[in-house]
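Working notes for the structure below.
The values are calculated or read from the model by the stated rules, or taken from the named source; none is laboratory data. These numbers come from a predicted model, not from an experiment. Here the Cβ positions follow ideal geometry from the backbone for every residue, glycine too, while neighbour counts run over all protein chains shown. With ligands, DNA and RNA removed, areas are computed over all heavy atoms of the protein, side chains included. Shrake-Rupley method; radii C 1.70, N 1.55, O 1.52, S 1.80 Å.
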Amino acid sequence: MSLNLKRSIADELAKRWYQRSDPALLRLHHDRQAVAQRHDTRVAAWAVALLYTLFAITDALLIEDVLTAMIVARLTIAVLFVVILEIQFRNGTPLAIIEVQCAFAVVGGYVTWLALSSLSAYHLNLSYYITFGTIFMMVTNLLFNFGFWLSAISSGFVVAGFFLAIASVI
């Protein structure tokens, strides 16, 4: 680390929380953080796709009458999501675009799950399962570590879907 960089960091750490940050240090921090964030997003995508697929087990227990359609939908969404993301990672797509795609995938997977599960005749099971599913999909935003606005918008769509689904079940 150069002497100028050490001084800049020391000066930055001595500032009060409300004082403006050094743009060069912010840029350096952002550039170094982006590499780790790309890796974390890739790992999170695989984890989310696996978890989303594994929830077919819960589908089998709670809404077995729509299980075949749910398994096909879950596998299709998970595989397409991971394949498209891997292509984008290999092509060097900017992280901001990848994160927006991940947010769309979270909302799209949730809406697909809601649409298919609402066809189930097991309404009591479904009312509890929808609540649990909503919590899981909102926690998914934490796995991806989205920025505030992207997370808020994605979560807003999930909550809106929850209220629409509950209204249709009751």
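Computed quantities for the displayed model
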| quantity | calculated |
| --- | --- |
| Surface accessible to a 1.4 Å probe, per residue, for the residues of region 48-126, Å² | 51 Å² |
| Helix-only mean residue ellipticity at 222 nm for the chain, each DSSP H run of n ≥ 4 adding -39500 (n - 2.57), per residue, nearest 500 | -29000 deg cm²/dmol |
| Kyte-Doolittle mean at least -0.5, axial Cα span of 20 Å or more - DSSP H helices of the chain | 23-54, 67-90, 95-117, 123-144, 148-169 |
| Ala69/Leu124 FRET efficiency (R0 22 Å; Cβ-Cβ; nearest 0.05) | 0.65 |
| The chain, accessible surface, carbon-and-sulfur percent (1.4 angstrom probe) | 71 percent |
| Length-normalised contact order of the chain in % [C-alpha pairs under 8 Å, at least 6 apart] | 24 percent |
| Distance in nm between pseudo-label sites at Leu28 and Ser8 (7 Å out along the Cβ direction from Cα) | 0.4 nm |
| Spin-label model distance (nm) - Ile87 vs Arg16, 7 Å beyond Cα toward Cβ | 5.3 nm |
